[in-house]
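To keep things clear, I will list the structure first and then write my remarks on it.
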Amino acid sequence: MMVPAEPTSRLLRFSSIFLLVAPLAACGNDADTGPPADGGSVRDATVADDASSDGGLGLADGATDGAAGRDSGASDAGAPRDAGPPAAPRRFLCINGAGVDGAGGRGSGGNPDFETLCARLGPGLIQDCASGNCYSTFAFETTGNPSRDALVRALDSNKDGRVTAADDPARLVLVGYSWGGTNVRDLALWMTSEPRIDDARRRVEFLLALDPYRPGGTMDIPGNVDQFVEYRHSVAPANDCSRITLGGIPVSGPYLGIVPRCKAGTACTDYDYTLGGATFFPGAFTPGRGYIGSNVDHCGLVNVAASAIPPLLASSPFSPLPPKVAVATY
């Protein structure tokens, strides 16, 4: 869950909207330099974008699945199962974390990196252009759900107001961070009963959740999702960006990814960076830098997950990946 950084208004936000936009300092854990010999960390890097030759997401050169206890991104998520014909292009829709800094919270916490991640996913990105400016992510949703109508409009290629077999086929990828991670789950669930979408077009090829969190939320993944992958941290480092204090007194956070559950027919993977311990995970937006597993916090998680997501979508090997946690079914 992403939150803003206006300390003077913290207490009011906590009491009035149940921590929805509780203020948050900038990312608490800066990127570590590439792995110290003793497994420790040096946290002195400034996060910056890098448009590298691998598509701008800072993928590690020569990444393989040779690290002990790690599999490739493709095998971890299960065999690829397209939601449409093999040649169908992908359409991407992203929803960011809660915050008030910048338009739709896009300046808060890990949201700037998430905006960049989504901008680089591919030409099929569904943008949020409702305000007159176009963004790569939709703002986190509480009562209104603008992403739903935008999704229908994007998939309705013949413009008859419905998504049917008469429209161009597409493989849908939903990506959400923090509060937005729970929103994309809600979006997939909504698709299962939305009358404007025919049964044959309700499938979601990938649902990707980065540290999904909202107060009282759950992550029960609906059965129309072919592959679900969550990237989360389960124990907050001391300076986690989502650990909020007021006058030195803890008042909120830390915000940890909600443990998922899946239907039996969905290929589910739950990655927990905390369990990576001293393993070094490269940051997509900090070339040559990243985090050891125990230092990954709610903001830095976007940086490291953004290194793993493009290989996953390409069914390409990537290493290192964090340990997996068994996913319960419901």
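Could you tell me whether Ala284 is surrounded by fewer than 22 Cβ atoms within 10 Å (Cβ to Cβ) and touching a residue at least 24 places away in the same chain (Cβ under 8 Å)?
Details: surrounded by fewer than 22 Cβ atoms within 10 Å (Cβ to Cβ): no; touching a residue at least 24 places away in the same chain (Cβ under 8 Å): yes.
No: the conditions fail for Ala284.
Please go through the range 157-173 and pick out each residue that is touching a helix residue (DSSP H, G or I) at 6+ places or on another chain (Cβ under 9 Å) and surrounded by fewer than 19 Cβ atoms within 10 Å (Cβ to Cβ).
First, pick out the residues of the range 157-173 that are touching a helix residue (DSSP H, G or I) at 6+ places or on another chain (Cβ under 9 Å): 159, 161-165, 167-170, 172-173.
Listed by number, the residues that qualify are Lys159, Gly161, Arg162, Thr164, Ala165, Asp167, Asp168, Pro169.
Yes or no: Gly176 part of a strand (DSSP E or B), buried (at least 18 other Cβ atoms within 10 Å of the Cβ) and of a type outside the set (Ser, Thr, Tyr)? Lay out the reasoning, then the answer.
Working: part of a strand (DSSP E or B): yes; buried (at least 18 other Cβ atoms within 10 Å of the Cβ): yes; of a type outside the set (Ser, Thr, Tyr): yes.
Spelling it out, Gly176 is indeed part of a strand (DSSP E or B), buried (at least 18 other Cβ atoms within 10 Å of the Cβ) and of a type outside the set (Ser, Thr, Tyr).
Which condition does Ser136 not pass, out of (1) of a type in the set (Gly, Ala, Ser); (2) within 20 Å of Pro212 (Cβ to Cβ); (3) in contact (Cβ under 8 Å) with a residue 60 or more places away in the chain, if it passes all the others?
That leaves (3) as the condition not met.
Tally time: how many residues in the range 96-148 are farther than 22 Å from Val304 by Cβ, touching a Phe, Trp or Tyr at 6+ places or on another chain (Cβ under 7 Å) and in a loop (DSSP other than H, G, I, E, B)?
Residues meeting the conditions: 3.
Could you give every pair whose Cβ atoms fall below 8 Å, whose first residue belongs to the range 140-152 and is over 14 Å from Ala188 (Cβ atoms), and whose second residue is polar (S, T, N, Q) and at pLDDT 95 or above, counting only separations of at least 6 or pairs across chains?
Going by the 8 Å Cβ cut-off, the qualifying pairs are Phe140/Asn96; Phe140/Ser178; Phe140/Asn183.
Which one of these does Thr245 not meet: (1) without any contact (Cβ under 8 Å) to a residue 40 or more places away in the chain; (2) crowded, with 19+ Cβ neighbours inside 10 Å?
The number of the failed condition is (2).
Mind listing whichever residues of the range 214-254 are more than 22 Å from Pro323 (Cβ to Cβ) and not in a loop (DSSP other than H, G, I, E, B)? Working first, answer last.
Within the range 214-254, the first condition is being more than 22 Å from Pro323 (Cβ to Cβ), and the residues that meet it are 214-218, 220, 222-226, 239, 241, 243-253.
Within the range 214-254, Asp220, Val225, Asp226, Ile244, Thr245, Leu246, Ile249, Pro250, Val251, Ser252 qualify.
Filter the range 112-139 down to the residues that are out of contact with any helix residue (DSSP H, G or I) (no Cβ under 6 Å at 6 or more places or on another chain) and within 15 Å of Gly181 (Cα to Cα) and list them by number.
Glu115, Cys118
Would you confirm whether or not the range 256-264 contains a residue that is outside any loop (DSSP other than H, G, I, E, B) and either without any contact (Cβ under 8 Å) to a residue 60 or more places away in the chain or closer than 15 Å to Asp32 by Cβ (or both)? Can you show your working first?
At the first step, the residues of the range 256-264 found to be outside any loop (DSSP other than H, G, I, E, B) are 260-262.
Among the residues that remain, those that are also either without any contact (Cβ under 8 Å) to a residue 60 or more places away in the chain or closer than 15 Å to Asp32 by Cβ (or both) are: none.
Within the range 256-264, none of the residues are outside any loop (DSSP other than H, G, I, E, B) and either without any contact (Cβ under 8 Å) to a residue 60 or more places away in the chain or closer than 15 Å to Asp32 by Cβ (or both).
The values are calculated or read from the model by the stated rules, or taken from the named source; none is laboratory data. Computed from a prediction, not measured in an experiment: that's the story for all the values here. Neighbour counts run over all protein chains shown; Cβ positions are idealised from the backbone, glycine included.
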